[in-house]
Amino acid sequence: MAFMNRDSSHTPSVGAITVLMLVIVGVTSLIIAEQVLTGWLALGERANISRRDMNPIEVGVIATTTIWGLAALRGAWGFLRRENAPTIREYFASRLPMPPGVLLTTVLLVVVGAIALVIAEQVLTGWLALGERVNISRRDLNYIEWMVIFVSALWGLVTLRTAWGFLQRDRAAWTWSQWVILATSLIGLGLLIEGVFHISRIVPPRGTLFDNLAGVQELVAPGLIMFLSCLAAYRYVTVEVDTSAAQSIRNTLAKSAGAGAIVGFVAIFAFFSLATDLFLEPRALAGALSTNITNGIVAIGITMLMISGEFDLSVGSIHGASALVFLLTMTEQRPLLVSIAESLGMQPAMYEPLIPIVAAVAGLLFAALLGLINGIILIRTGIPSFIVTLGTLLAYRAIPLVVVAEGRILRYADFRLPPPNIYFSPWILIVGALLSAIAIALMGRSLLPSLWRRFQERWARPKLDRHDMTASTEDDLRDFFIITSLLRFILTLLLMVGVIAGLLLIVVSLFGRTGAFLEVSFFDLVNGRIGSLPLIGTIPPEVNLRIGILWWAVLVIIFQFILNQTPYGNYTFAVGGNPGAALAQGINVTRVKLTNFVLSGLMAGIAGLTYVSRVTSVNANLGEGLELEVIAASVIGGTLLSGGYGSIFGALLGVLIFGMLRTGLVLIGMDPRVFFGVIGVIIIVAVIINTAVRRIRT
């Protein structure tokens, strides 16, 4: 933690805003205590119980809110009078009396820690039920309850340990308090927002807040008190530091190209999670993922191309045209494929499984060809990619408009063909599983030693005296870094061992079935519905989880690795950042741009396969407007239109933001037509955040 050099005779001011927040907290806390004491705000089970008979919950609330209200008002009075008290730095560095701000912070930490432990105890004993509890014994806890117990107990112990550090004048507690109080303030803000959203449930139709003021207080007051209390304490504990917890977070985000997307993703996810209980249901989350597979795959190619300094407005048209070629090859061109196969002496059992594979290859080659045409026109003419791809957008769009004329929809089912099943030998899966296990083992060979060395470095770092005011944040959080580095090593090791063991089990199970071919629908293999998952079991029919999500994730991992860990990724950044300098360093700028145009088209083609495999049909307008959505997702993810900066992971977050907005706006009852308006605002905000982050970084 970096400290400011201040004159010890000067007590730093925490500001009038902090005093105002403490006054609001104190008055609100005392009002809540009075309301509960007089019976106007009932808590817990109150059926057939007199207002004078307080239950344990109400007694605890009265005591807690009274103590905290008085402490907040005392702290506000001390700050307002500018009492000649030691600063927080002087308190930790010497044996001077405890100043009001430190007392306030210590009491806050004790209260928060006690509440967290009480929540853990209530859930553990079954008095506070979470999740579905119909016809379930209190002793049978679900995974949500176990998670809440673990997090609440851990948070309570950490908070109380930090408070004890304040009493012992342990300087590390100063740093810990920043992070603990900041995180707790975010929890309070979440409770406040959730309470505001739920007010409409308790206010009568056409009524006002005063019609159920007690209910409004019960919903809003806890979050308001927690948020303002933590915010005031946070302002106090950071007044004498150069780099606060919030600034450390900003500096960390500055290292990421998708800082705006990270902030936006977390904010939007938290907003809809608090706004409606339906958002976190499995069917809503699965729907948000499954409906954005197409956008996510296309965004990978667009991001690679934009980083190299170009972009493609024709990806939507390429997507529709390649999907059309795939479906036409399987249907209308099927007789041609059959005649070619029979002329080669192939039997139906041999060529039937090859038809969908040939159709998929044809669709992908056609998509790559259209991308190649874009690149060749750009390179040969020198015309900006915006103009080139604007022209090809219209030219490629004409293909499905001409082939699928008069608004007709081309459906696989209309041709009354057999299911496009494919057959393959179990040996293919065996070899693939073994190669995957070897690849993971090689990754572990390079990754695990580095993680272990990092843990050893943390462990070997000497622990400084608790009163040493020259220590850094890393010194103060030494124990935390040791635990997290060890957990990271253990979890990575367990994950790799588990995946390798699972692959070996697949190999062993397939050895007994090597004599028979495996049959699977091509549509199901590419983007079929997932019926069950390991450790989860059967997935309900209403949860539309698609296997295309797996292929999307694999492509994200592959291209993120290519972009950050291979020479070609460095070439892409160099070409987009400064083509002249890249050319001077011997990089083939033309080849890089041409390759990325082909990759952009190929990703659009893969997205076309996943789309057709899901709906088994194509219409003339397929992909219309897709180009603007994926470019917007890439921009939200931190990719610059000028090139030289961006990430595949950022584009992934940008696409997920689109999916969450589409799902969340419907679930909260908002008109879905405002979607693009919200997206426009998010694009501007994300660009502003990314620009500010790059300035911090440079």
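Ordering Asp479, Asp312 by the number of other Cβ atoms within 10 Å of each residue's own Cβ, fewest first, gives Asp479, Asp312. Counting neighbouring Cβ atoms within 10 Å and putting the fewest first, the residues His319, His198 line up as His198, His319. Per the Kirkwood formula applied to alpha carbons, the range 580-695 shows a radius of gyration over Rh ratio, Rg over Rh, of 1.04. Quote the Stokes-Einstein diffusion coefficient, in whole µm² s⁻¹, for the range 66-119, based on the Kirkwood radius over alpha carbon pairs, a temperature of 4 °C and a viscosity of 1.567 mPa s. Roughly 107 µm²/s, to the nearest whole number.
Listed values (i) 24; (ii) 29; (iii) 12 include one computed from this model; for percent of Cα pairs over 52 Å apart that value carries the label (i). Farthest toward the positive end of the dipole of the chain, out of Gly531, Ile297, Ile636, is the Cα of Ile636, where the dipole comes from beta carbon charges about the Cα centre. Size descriptors for the range 535-645 (Cα atoms only): Rg and Dmax, in that order, 17.8, 58 Å. Residues Ile506, Ile249, Ile225 in ascending order of nearby Cβ atoms (within 10 Å, fewest first): Ile249, Ile506, Ile225. Between the amide H of Asn421 and those of Phe522, distances stay under 5 Å, these residues lying 5 or more places away or on another chain, with hydrogens modeled in the peptide plane. Each of Leu505, Tyr412, Leu128 was placed along the dipole of the chain (beta-carbon charges, centred on the mean Cα), and the one lying farthest toward the positive end is Leu505. A cut-off under 13 angstrom between Cβ atoms defines the neighbours of Thr66, and their net charge, with Lys, Arg +1 and Asp, Glu -1, is -1. Cα centroids of the range 551-587 and the range 218-232: 47 Å apart. For the pair Arg461 and Ala413, label points projected 7 Å from Cα toward Cβ lie 6.1 nm apart. Short-range pairs are left out: with C-alpha atoms under 8 Å and at least six residues apart, the relative contact order of the chain is 21 percent. The charge dipole of the range 153-309, taken about the Cα centre with unit charges on the Cβ atoms of Lys, Arg (+1) and Asp, Glu (-1), comes to about 240 debye, rounded to the nearest 20. Helix 478-511 axis versus longest C-alpha principal axis of the chain: approximately 30°, rounded to the nearest ten.
Working from label points 7 Å from Cα in the Cα-to-Cβ sense, the Ser446 to Leu280 distance is 3.9 nm. The label point for Val685 and the one for Ala584, both projected 7 Å from the Cα toward the Cβ, are 4.2 nm apart.
Please say if the range 554-606 is rounded, prolate or oblate, where rounded means a/c under 1.5 for a ≥ b ≥ c the square roots of the C-alpha gyration tensor eigenvalues, and otherwise the choice is prolate for a/b larger than b/c and oblate otherwise?
Verdict is oblate for the range 554-606.
For Glu624 and Ile202, a Förster radius of 35 Å and the Cβ-Cβ distance give a FRET efficiency of 0.20, rounded to the nearest 0.05. Just to verify a number: FRET efficiency for Gln168 and Glu34, C-beta to C-beta distance, R0 = 30 Å, to 0.05? About 0.25, to the nearest 0.05. Between the range 53-130 and the range 296-337, the alpha-carbon centres lie 60 Å apart.
Place a point 7 Å from the Cα of Met98 along the Cα-to-Cβ direction; which residues of the range 164-193 have their backbone N under 15 Å from it? The answer is 164-171, 173-174. Nearest 500 deg cm²/dmol is fine: what mean residue ellipticity at 222 nm does the chain get from its DSSP H runs of n ≥ 4 alone, each adding -39,500 (n - 2.57), divided by its residue count? Calculated at 222 nm, the ellipticity per residue is -23000 deg cm²/dmol. Across the range 214-256, no residue has a backbone nitrogen under 11 Å from the label position 7 Å along the beta-carbon direction of Met147.
Considering only Pro449, Met306, Trp77, the residue lying farthest towards the positive end of the dipole of the chain is Pro449, judged by Cα position with unit charges set on Cβ.
Estimated at 0.36 nm per residue, the fully extended path between Arg454 and Leu336 surpasses their Cα-Cα distance by 36.4 nm.
A short reminder: the numbers here are calculations on the coordinates, not readings from a lab. Predicted model only: the values in this text are computed from it and were never measured. Glycine also receives a Cβ, built like all others from the backbone with ideal geometry; neighbour counts cover every protein chain displayed.
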